[in-house]
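S.K.: Could you have a look at this structure, given as structure tokens, before my questions?
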Amino acid sequence: MTVKRVRHARLQMRLLARKRAFLPLVRLVRSAAGWAGAIPALAQNLILILGAAVAYFAVTTPLSNQGQLAFALISLGGALIIRPLPGRLITQILIVISIIASSRYLYWRATETLQLSDRTDLFFGTGLFLAEMYAWIVLLLGFFQTAWPLERKPIPMPEDRSLWPTIDVFIPTYNEPLKVVKPTVLAALAIDWPADKINIYILDDGRREEFAEFAKSVGVQHMTRPDNAHAKAGNINHALKQTSGEYVAIFDCDHIPTRTFLQIAMGWFLRDPKLSMLQTPHHFFSPDPFEKNLETFKKVPNEGELFYGLVQDGNDLWNATFFCGSCAVIKRAPLMEVGGVAVETVTEDAHTSLKMHRRGYTTAYLAIPQAAGFATESLSGHVGQRIRWARGMAQIFRIDNPLLGPGLKIPQRLCYLNAMLHFFYGLPRIVFLTAPLAYFFFNAHVIQASAITIALYALPHLIHANLNNSRIQGEFRHSFWAEVYESVLAWYIMRPTLMAIINPKLGKFNVTAKGGLNQHEYFDWNISKPYIVLLVLNTIGLLIGFYRLFFIDTGEADTIILNIIWTVYNVIMLGASVAVANEARQVRVSHRVQMKLQTTLRLPNGRSVRGETTDYSEGGVGILLPTDIPAVTGEKVRITLYRGNIEHSFPATVTAQFGRRLGLQFEELNLQQSIDFVQCTFARADSWIVWTDKRKNDRPLQGLGEILTLGIRGIFKLGKNTADAAGRAVASHIHLPDQFQNPVAKSKFKSLLKRGRQNRAPSA
């Protein structure tokens with residue numbers, strides 16, 4: 001037995017021993033849960049009232065520092081003991097402990113730390129407290145929203161296909177190139193649904209002739225309108241007036257559906273006559289700017305996975321799932337009843353769902369990826385998209401506030417409220433990133449308490465919140481990554497959300513660019529200006545803090561140390577934010593999808609070799625063969641892929657060979673071959689199901705380590721890019737001799753200079 005196997009066996013034994021140690025506690029909890037279920041409703045209400053009273057006293061009872069330390073140790077110890085146990089009951093207990101710890105901190109802040117007589121202290125201290133209030137409200141609403149995801153399963157369609165309803169498939173597009181839209185249309189043609197009950201429409205707001213020709217060639221409808229009023233919402237509403245299907249399936253032009261999409265989605269409509277909309281996840285097979293620039297693709301959950309993996313599933317429990325603009329099916333009758341897709345805000349999708357919920361209709365969510373598309377390709381594009389989302393949710397909050405108006409139940413109001421409040425994090429995040437600077441720059445004491453007392457109250461709140469979020473969200477969001485996402489976007493969404501509250505009519509719908517290329521790696525100085533300014537300010541504050549600590553006797557060493565720790569944390573977060581602005585190259589026209597599929601390679605000499613794909617794209621495939629073969633770069637071959645028992649063969653050229661691995665580029669495929677390829681790959685029913693199987697679950701300390709590494713990397717990259725920019729600026733003002741004006745000569749000159757520096761003796 002190898003050392004690796006021995007270690008694995010020992011690990012398995014330790015895990016088994018740990019499970020056995022917790023087995024009595026698990027049995028006790030399960031019996032308690034069963035006992036609780038048997039309690040009459042009146043008794044349950046009395047227990048809840050008693051529990052609320054206990055929680056109230058636990059939150060409001062004043063304690064000395066020693067008492068608060070005992071509370072912190074007992075609550076944290078209890079949480080750590082039960083945290084490894086499985087089950088939602090344990091999660092609910094941990095949430096209660098966390099809420100008590102966080103509420104106790106906020107109560108202490110409100111009652112004992114706001115005696116701010118100095119104007120400077122009052123200004124900065126009040127700002128910090130309001131930011132903490134916001135964070136506490138969002139924390140509570142987040143627990144409510146995500147603690148119990150519904151995990152809805154598909155319902156099979158009836159065997160009698162005559163009972164299946166008619167469906168119109170809408171693919172809206174504006175300025176996207178045909179190469180982006182084409183795979184979506186071809187995949188829609190492959191959807192497994194009776195041909196006489198499905199119609200596919202390209203809704204072309206760009207009114208392009210090549211799109212009309214393509215639609216005619218593949219047998220789908222090409223629809224235009226005389227203007228572009230209300231952008232995407234107006235485009236869909238125009239199509240609704242020209243079509244008559246009982247249901248409408250909507251896909252963004254880059255979202256490629258699987259062949260099973262409708263069969264997975266439609267069963268619930270036949271079960272629930274009040275169901276107006278069913279949403280599926282937005283899945284992306286290309287990396288977003290965070291994943292691309294930080295090299296975390298398929299290693300760390302992206303920004304959207306928490307929403308589509310957990311939040312929408314939690315909303316589903318409370319009948320509060322909302323439409324996300326794509327990868328969804330909507331029943332025509334309820335949609336027309338509310339006047340079609342909403343046009344009053346730039347987040348027309350969520351607003352449409354709110355209108356249907358107010359009419360008493362239900363919505364549903366299936367957390368099964370059944371379509372995939374392109375993520376935003378640049379940080380600036382990503383920021384622009386989030387600005388639109390933030391502005392739109394603020395508009396809804398202003399003109400159709402879910403807390404007001406008829407038709408919604410309290411849980412629905414809370415779910416919508418959290419979705420909208422989420423986008424107001426811009427100003428609170430900036431407050432948290434600058435709060436310790438108030439002490440270093442202005443000597444402002446924003447919290448009127450000793451550093452020890454602050455730590456005793458704040459640390460239980462922060463630790464419990466992070467441990468619980470890791471347990472609930474760990475599969476979909478790693479610890480501390482939310483703060484990186486928010487730090488990057490905070491500055492940019494702050495102004496649009498505040499302006500939308502003042503004047504909700506400001507702002508317009510902007511289309512997110514897809515399918516672009518980036519030929520060179522570069523640092524986006526424009527988009528990173530706010531992070532750089534904040535990073536510089538925090539660095540200066542850190543230097544001031546160390547100077548005060550070591551060279552000035554202020555009598556506040558503990559306060560200085562606390563603010564230094566806070567500032568170091570902010571520097572790390574801002575360093576990670578800066579790292580995102582270092583745009584990586586994107587030179588592939590077609591994004592690769594890593595997936596193992598059975599394949600057969602047919603060589604010119606007639607030999608056939610079975611293998612499997614390593615990845616594929618619209619332009620070609622990578623394959624792994626069982627043995628080395630004498631393939632020659634540039635050689636013409638055929639590659640066979642399978643859809644069930646059906647074989648499809650495609651002409652290709654060998655472009656690369658690395659032992660048993662071959663890179664193949666397709667010859668120009670005809671229309672039928674293009675359709676066949678999409679059906680064999682992107683449109684497979686299992687294409688996206690196992691996308692994250694190899695990814696590790698969250699561990700808080702590991703998440704902190706990831707952010708620390710990225711923060712340091714970002715700071716070094718900023719230094720390098722600054723030095724390079726300064727070097728280019730200096731070089732542009734230096735006139736080289738004529739013999740060095742030639743690019744080759746310049747290169748040789750720089751090489752000589754570099755060699756001279758390396759050979760230079762160190763100075764005394």
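The values are calculated or read from the model by the stated rules, or taken from the named source; none is laboratory data. Every value quoted in this text rests on a predicted model; they were computed, and no experiment measured them. Because the Cβ atoms are built from the backbone with ideal geometry, glycine has one as well, and the counts that use them run over all protein chains shown.
S.K.: Mind telling me which of the residues Lys292, Lys274, Lys241, Lys298 ends up being over 27 Å from the mean Cα position of the chain (by Cα), farther than 20 Å from Thr224 by Cα and in the same structural domain as Arg332 (by TED's automatic domain parsing)?
M.R.: Lys274
S.K.: Right, something else. With Pro158, Pro172, Pro183 as the choices, which residue is surrounded by fewer than 19 Cβ atoms within 10 Å (Cβ to Cβ) and of a type outside the set (Phe, Trp, Tyr)?
M.R.: Pro158
S.K.: Look at Ala455 and say whether it is over 23 Å from the mean Cα position of the chain (by Cα), at pLDDT 90 or above and outside any helix (DSSP H, G or I). Walk me through how you get there before you give the answer.
M.R.: Values: over 23 Å from the mean Cα position of the chain (by Cα): yes; at pLDDT 90 or above: yes; outside any helix (DSSP H, G or I): no.
No.
S.K.: Name the single residue that is nearest to the chain's Cα centre (by Cα) among those in segment 342-351 being more than 11 Å from Thr321 (Cβ to Cβ) and in contact (Cβ under 8 Å) with a residue 40 or more places away in the chain.
M.R.: Out of the qualifying residues, it is Thr347.
S.K.: Can you find even one residue in segment 265-278 that is closer than 30 Å to Val578 by Cβ and surrounded by fewer than 24 Cβ atoms within 10 Å (Cβ to Cβ)?
M.R.: No, segment 265-278 has no match at all.
To keep it simple, each residue is scored yes or no on (1) closer than 20 Å to Val346 by Cβ; (2) out of contact with any helix residue (DSSP H, G or I) (no Cβ under 8 Å at 6 or more places or on another chain); (3) not assigned by TED's automatic domain parsing to the domain that holds Met336.
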| residue | (1), (2), (3) |
| --- | --- |
| Pro172 | yes, no, no |
| Pro183 | no, no, no |
| Asp192 | no, no, no |
| Asp204 | no, no, no |
| Arg207 | no, yes, no |
| Glu246 | no, no, no |
| Asp254 | yes, no, no |
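S.K.: For segment 102-126, which residues satisfy the criterion of being touching a His at 6+ places or on another chain (Cβ under 7 Å), at pLDDT 95 or above and either not in a helix (DSSP H, G or I) or not aromatic (Phe, Trp, Tyr) (or both)? Show your work before the answer.
M.R.: Step one: filter segment 102-126 for residues touching a His at 6+ places or on another chain (Cβ under 7 Å), giving 102, 105, 121.
Now drop any that are not at pLDDT 95 or above, which leaves 102, 105.
Listed by number, the list holds a single entry, Ser102.
S.K.: In addition: If Thr352 meets every condition in (1) in contact with a helix residue (DSSP H, G or I) (Cβ under 9 Å, 6 or more places away or on another chain); (2) outside any helix (DSSP H, G or I) apart from one, which number is that one?
M.R.: (2)
S.K.: Here is a further query. Hey, which of the helices (runs of 4 or more DSSP H) in segment 373-444, taking only ones fully inside, have at least 2 residues that are surrounded by fewer than 23 Cβ atoms within 10 Å (Cβ to Cβ), modelled with pLDDT of 90 or more and of a type in the set (Lys, Arg)? Can you show your working first?
M.R.: On the way: elements: 379-399, 410-421, 426-442.
Here the list reads 379-399.
S.K.: Residue check: is Phe124 of a type in the set (A, V, I, L, M, F, W, C), within 29 Å of the chain's Cα centre (by Cα) and either exposed (fewer than 15 other Cβ atoms within 10 Å of the Cβ) or not assigned by TED's automatic domain parsing to the domain that holds Gly309 (or both)?
M.R.: no
S.K.: Also, quick follow-up: Any idea which of Val621, Val632, Val637 is among the aliphatic types (A, V, I, L, M), under 19 Å from Arg592 (Cα atoms) and outside the structural domain of Ile256 (by TED's automatic domain parsing)? Working first, answer last.
M.R.: Working: Val632 fails: under 19 Å from Arg592 (Cα atoms); Val637 fails: under 19 Å from Arg592 (Cα atoms).
Answer to the check: Val621.
S.K.: Sticking with this one: Over 30 Å from Pro436 (Cβ atoms) and not assigned by TED's automatic domain parsing to the domain that holds Tyr56: does that describe Pro84?
M.R.: no
S.K.: Based on what the data block shows, is Thr627 hydroxyl-bearing (Ser, Thr, Tyr), in the same structural domain as Arg610 (by TED's automatic domain parsing), over 22 Å from Thr184 (Cα atoms) and at pLDDT below 90?
M.R.: Yes, satisfied.
S.K.: Conditions first: (1) loosely packed, with under 13 Cβ neighbours inside 10 Å; (2) touching a residue at least 60 places away in the same chain (Cβ under 8 Å). Thr61 passes all but one, so which condition is the exception?
M.R.: Among (1) loosely packed, with under 13 Cβ neighbours inside 10 Å; (2) touching a residue at least 60 places away in the same chain (Cβ under 8 Å), the lone unmet condition for Thr61 is (2).
S.K.: Which one of the conditions (1) over 31 Å from the mean Cα position of the chain (by Cα); (2) crowded, with 20+ Cβ neighbours inside 10 Å; (3) closer than 24 Å to Trp491 by Cα does Gly611 fail to meet, given that it meets all the rest?
M.R.: Just one mismatch for Gly611, condition (3).
S.K.: Among the candidates Leu69, Leu48, single out the residue that is under 30 Å from Thr453 (Cα atoms) and at pLDDT 50 or above.
M.R.: Going through Leu69, Leu48 in turn, the sole match is Leu69.
S.K.: Looking at the structure I just gave you, is Asn418 more than 15 Å from Val346 (Cβ to Cβ), assigned by TED's automatic domain parsing to the domain that holds Leu317 and of a type outside the set (Val, Ile, Thr)? Walk me through how you get there before you give the answer.
M.R.: Working: more than 15 Å from Val346 (Cβ to Cβ): yes; assigned by TED's automatic domain parsing to the domain that holds Leu317: yes; of a type outside the set (Val, Ile, Thr): yes.
Here the answer is yes, as Asn418 does meet what is asked.
S.K.: With segment 607-676 as the region, which strands (runs of 3 or more DSSP E) entirely inside it contain at least 3 residues that are without any contact (Cβ under 8 Å) to a residue 24 or more places away in the chain?
M.R.: Answer list for segment 607-676: 608-617, 646-658.
S.K.: Residues of segment 458-481 being among the hydrophobic types (A, V, I, L, M, F, W, C), under 18 Å from Pro149 (Cβ atoms) and assigned to a helix (DSSP H, G or I), which ones?
M.R.: Selection gives Ile472 alone.
S.K.: Related question: Among the residues that make up segment 627-638, is at least one of them in contact with a strand residue (DSSP E or B) (Cβ under 8 Å, 6 or more places away or on another chain) and closer than 21 Å to Pro183 by Cβ?
M.R.: Scanning segment 627-638 turns up no residue that is in contact with a strand residue (DSSP E or B) (Cβ under 8 Å, 6 or more places away or on another chain) and closer than 21 Å to Pro183 by Cβ.
S.K.: Still on this structure: Could you list all residues from segment 108-159 that are touching a Phe, Trp or Tyr at 6+ places or on another chain (Cβ under 9 Å) and hydroxyl-bearing (Ser, Thr, Tyr)?
M.R.: Thr113, Thr120, Tyr134
S.K.: Which one is nearest to Gln673 (Cα to Cα), of the residues in segment 209-244 that are surrounded by fewer than 19 Cβ atoms within 10 Å (Cβ to Cβ) and of a type in the set (Lys, Arg)?
M.R.: It comes out as Lys216.
S.K.: Please indicate, with yes or no, whether at least one residue in segment 581-594 is in a strand (DSSP E or B), charged (D, E, K, R) and touching a residue at least 60 places away in the same chain (Cβ under 8 Å). Full working, then the answer.
M.R.: Residues of segment 581-594 in a strand (DSSP E or B): 582-583, 586, 593-594.
Keeping just the survivors that are charged (D, E, K, R) gives 583.
Those left that are additionally touching a residue at least 60 places away in the same chain (Cβ under 8 Å): 583.
Looking through segment 581-594, at least one residue is in a strand (DSSP E or B), charged (D, E, K, R) and touching a residue at least 60 places away in the same chain (Cβ under 8 Å).
S.K.: Go through segment 70-108 and count every residue that is touching a helix residue (DSSP H, G or I) at 6+ places or on another chain (Cβ under 6 Å) and under 30 Å from Leu130 (Cβ atoms).
M.R.: 16
S.K.: Can I ask one more? Of all residues in segment 520-554, which are part of a loop (DSSP other than H, G, I, E, B) and β-branched (Val, Ile, Thr)?
M.R.: The answer is Ile552, Thr554.
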